[in-house]
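The values are calculated or read from the model by the stated rules, or taken from the named source; none is laboratory data. In this text, all values refer to a predicted model and were calculated from it rather than measured experimentally. FYI the Cβ positions are ideal-geometry reconstructions off the backbone, even for glycines, and counts take in every protein chain you see. Remember, those area values only see protein heavy atoms, side chains included, never the ligands or the DNA or RNA. Shrake-Rupley method; radii C 1.70, N 1.55, O 1.52, S 1.80 Å.
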Amino acid sequence: MIRVAVDTPLRQTFDYLAGAASPVPGARVRVPFGRRQVVGVALECAAGSDVPHEKLRRIGEVLDTEPVFDAELLALLRWAADYYHHPIGEVLFAALPKLAREGAPTRRIRAWWVATPDGAAAHAGDALRRSPRQRAVLEALLARGGLDGEAVGALEGGAREALATLVRRGWAASQEGPPDPAADAGGPPPVATLARPSPFTLTEAQQAAVDAVLASHGRYGAFLLHGITGSGKTEVYLRLVEHVLARGERALVLVPEIGLTPQLVGRFAERFAVPMATLHSALTGAARLAAWRDALSGRARIVLGTRSAVFAPLAGLGLVVIDEEHDASFKQHDGGFRYSARDIAVMRAQRAGVPVVLGSATPSLESLHNARLGRYARLALPRRTGAALPPRLALVDLRAEALRNGLSTFVIEAIRRHLDARGQVLVYLNRRGYAPTLACTACGWIAGCASCDARLTVYARVARLKCHHCGADAPLPARCPTCGYEVRAVGQGTERVEETLATLFPDAPLARLDRDVVRHDEELAAVLTRVASGDARILVGTQMVTKGHDFPDVTLAVVLNADQGLFSTDFRAAERLAQTVVQVAGRAGRGARVGEVLIQTEYPEHPLLTSLLAHGYEGFADTALAERRAAGWPPYGRLAAVRASAGSLQEAVDFLGEARRLLAPPRGLRLLGPAPAAMARRADRYHAQLLIESGDRSPLHRFLAEWLPRAAALPGARRVRWALDVDPLELF
Ligand code: ADP
Ligand code: ZN
């Protein structure tokens, strides 16, 4: 009896009889499933089954002779399925690249051309006397015991055509070749580990960090590497990986989503001569499969990737690194399996008995809390490397300032000053488009989305109105559709700020960075190059500008509006604001000059802002953690959110209400809701959520384990779309 997991939301595994060959645990198999044949993953051999023997069906093809999930990874994924209360089949399939889910072979298969016995006879006779090309190819096949396609192509002119003719005549044939030795070598790489040694001596703080992690060699230890931007965290990762490689072990390095991968890949590739597998969302299916195969075969010594790379197969793991550990992109927050790659990475390191390093300039409050409890060892890099000094931060009171399209006079003057001094300026605003609102100047009409509870964003240059939630896209009306009077764009987006700055500073070349102007890595690279080369003097952008790019000449950074983060229904908004401010500040003054950071706000007395300015990120964290403790929010309490959406709000709320009534929560657990989401209607679907709050982790998980199957059995569970999010990052 073989227990098999298939890619289905059903919360169970399926039993099959072994077929001609018996799969090893962790291997993929083809099995009949209903009326279809699907790919599954063999989990284990079982002595018996609850299904009567005569009803059991037989496993079809066994796709892998070697497991795609080794015992360690399989155990980790089973833990994840338990922790996130998600069906094991969907968890396992989320860990595979798409083509592997569909059954693609795990090894690179090379077509291998050999001479047939007839071919050998033909060569011995003189049938090929007048076909010198075919003769030459046949000779090569015989002499070298076969050739792959590439080697055939390398023969003299017309070899491929000659080979095709030989195949037609039955004198040559293809067979599945010997595995590509380069692709499947599991042993130590034939090349030296280092491509180039580090050009620097480590600072004292860097050396202390490296030593601390190395002291944990061969056993679990979690390290929070808290270092401001430019303090040399990446250099610490590189040194640690160097040690790991020298011992013949492998490293797993996780990075956030937004276009940073190429930069870090560049630094790793420059330093190390070993094969590296990079896994990120911009890869094509084939490229992703190839990288995953390199990880599986052991060829890759370093696996570097975004969120789902945490599941990469990797034998001989010696170190896990999570760069920018606070980044929200480590959390899968939609689709079926909602997991935190950061948390799973820590668990992976723990189960593998290896150190894990979580690096950030602005650690998540969860990780800071773990460090304060002593669960993570804290490693600080307090200073920037080289001559760079920390920037000076100041608040600009928007109530006291005259504004020009969102820019205060004070800020405009500061920009002028920095440009005159040949500095570069960075302006951050978390809003794409020209303006967030189009309003009628007479009747008060506001352009809203027909499918969402949201306003349409104005795009002036292309004269369109777009919805950022459902993608709706319409022409920009010249007049109010209800009263015919004039309309006006209200508020600021990056496009408008760019326009305003272009008018104010006509001599300063501008660059803009947001998802509207940069959609691919190449476009991103082009903008970054313009800024890094000094070609652009002002950079305007959204969140994208805050990520770890190194712009040594930026001397002024401006946060146009801090207030969105101060008053939000989401308890994490303040944390995100503080992180953004610190990350933006980190862009200023990375070179020899001291940077200046200006934060525009209407609430300069807000305690979160004042603590951030007076005592830095740590000071902010004290204030914010005290608030969290008082409210029982994470990291002091545990949360799970059940989200439902349906064609009507009633349906969604009704389902959650019924689910809530299924089981009385035990003491210490609170159910909140169901309540409509802050933006209830999105793309014509209505969203509601039920929040489950608990002081401790284990009662929450016991409750979920008992409650979830019952909720799934409700008739409403099939009418609405719903999902459980354990440790949700965003609440709405
Ligand atoms: P972070 O990852 O914390 O932003 P990096 O590792 O990128 O910091 O280092 C910032 C800059 O300082 C880089 O240009 C890097 O090459 C340089 N750097 C790192 N460590 C040292 C060192 N020990 N001495 C001199 N320069 C260093
Ligand atoms: Zn919409």
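Structure notes:
- Residue in the range 622-630 that is out of contact with any Asp or Glu (no Cβ under 8 Å at 6 or more places or on another chain) and crowded, with 23+ Cβ neighbours inside 10 Å present: no
- Residue list for the range 581-596, restricted to those being surrounded by fewer than 24 Cβ atoms within 10 Å (Cβ to Cβ) and not in a helix (DSSP H, G or I): 590, 591, 592, 593, 594, 596
- Selection within the range 371-399: residues that are in contact with a helix residue (DSSP H, G or I) (Cβ under 9 Å, 6 or more places away or on another chain) and among the small types (Gly, Ala, Ser). The member of this set that is surrounded by the most Cβ atoms within 10 Å (Cβ to Cβ) is 377.
- Considering residues of the range 452-464 that are within 16 Å of ligand 2 (Cβ to nearest atom) and either open to solvent by 60 Å² or more (accessible area, probe 1.4 Å) or of a type in the set (A, V, I, L, M) (or both) only, the residue nearest to residue 688 (Cα to Cα): 453
- Long-range neighbours under 9 Å by Cβ, at least six apart or interchain, first residue in a loop (DSSP other than H, G, I, E, B) within the range 461-477, second among the polar types (S, T, N, Q) and within 9 Å of ligand 2 (Cβ to nearest atom): 467/451; 469/451; 470/451; 472/451
- Failed item, numbered, when residue 506 is tested on (1) away from ligand 2 (no atom under 16 Å from the Cβ); (2) open to solvent by 30 Å² or more (accessible area, probe 1.4 Å); (3) outside the structural domain of residue 422 (by TED's automatic domain parsing): (3)
- The one condition in (1) within 20 Å of residue 730 (Cα to Cα); (2) open to solvent by 10 Å² or more (accessible area, probe 1.4 Å) that residue 578 fails to fulfil: (2)
- Among the candidates 600, 564, residue that is under 23 Å from residue 516 (Cβ atoms), buried (at least 20 other Cβ atoms within 10 Å of the Cβ) and more than 24 Å from the chain's Cα centre (by Cα): 600
- Selection of the range 213-255 for residues being in contact with a Lys or Arg (Cβ under 7 Å, 6 or more places away or on another chain), within 9 Å of ligand 1 (Cβ to nearest atom) and outside any loop (DSSP other than H, G, I, E, B) yields 225, 227, 234, 238.
- Residue within the range 703-723 that is closer than 20 Å to residue 333 by Cα, open to solvent by 30 Å² or more (accessible area, probe 1.4 Å) and assigned to a loop (DSSP other than H, G, I, E, B) present: no
- Against the numbered list (1) without any contact (Cβ under 8 Å) to a residue 40 or more places away in the chain; (2) within 12 Å of ligand 1 (Cβ to nearest atom), residue 198 comes up short only at (1).
- Residue in the range 53-75 that is within 26 Å of residue 711 (Cβ to Cβ) and not basic (Lys, Arg) present: no
- A single member of 467, 443, 449 is over 29 Å from the mean Cα position of the chain (by Cα), away from ligand 1 (no atom under 16 Å from the Cβ) and open to solvent by less than 50 Å² (accessible area, probe 1.4 Å), and it is 449.
- Residues located in the range 534-551, provided they are open to solvent by 60 Å² or more (accessible area, probe 1.4 Å) and either of a type in the set (A, V, I, L, M) or within 16 Å of ligand 1 (Cβ to nearest atom) (or both): 550
- Condition check for residue 368: surrounded by 23 or more Cβ atoms within 10 Å (Cβ to Cβ) and assigned by TED's automatic domain parsing to the domain that holds residue 229: yes
- When residues of the range 98-127 are limited to those that are assigned to a loop (DSSP other than H, G, I, E, B) and modelled with pLDDT of 85 or more, the one farthest from the chain's Cα centre (by Cα): 116
- Residues considered: 554, 559. Of these, the only one that is under 21 Å from residue 435 (Cα atoms) and open to solvent by less than 20 Å² (accessible area, probe 1.4 Å) is 559.
- Test: residue in the range 144-157 that is farther than 30 Å from residue 65 by Cα, outside any loop (DSSP other than H, G, I, E, B) and more than 48 Å from the chain's Cα centre (by Cα): no
- Residues in the range 470-489 that are open to solvent by 60 Å² or more (accessible area, probe 1.4 Å) and in contact with a Ser or Thr (Cβ under 8 Å, 6 or more places away or on another chain): 485, 486, 488.
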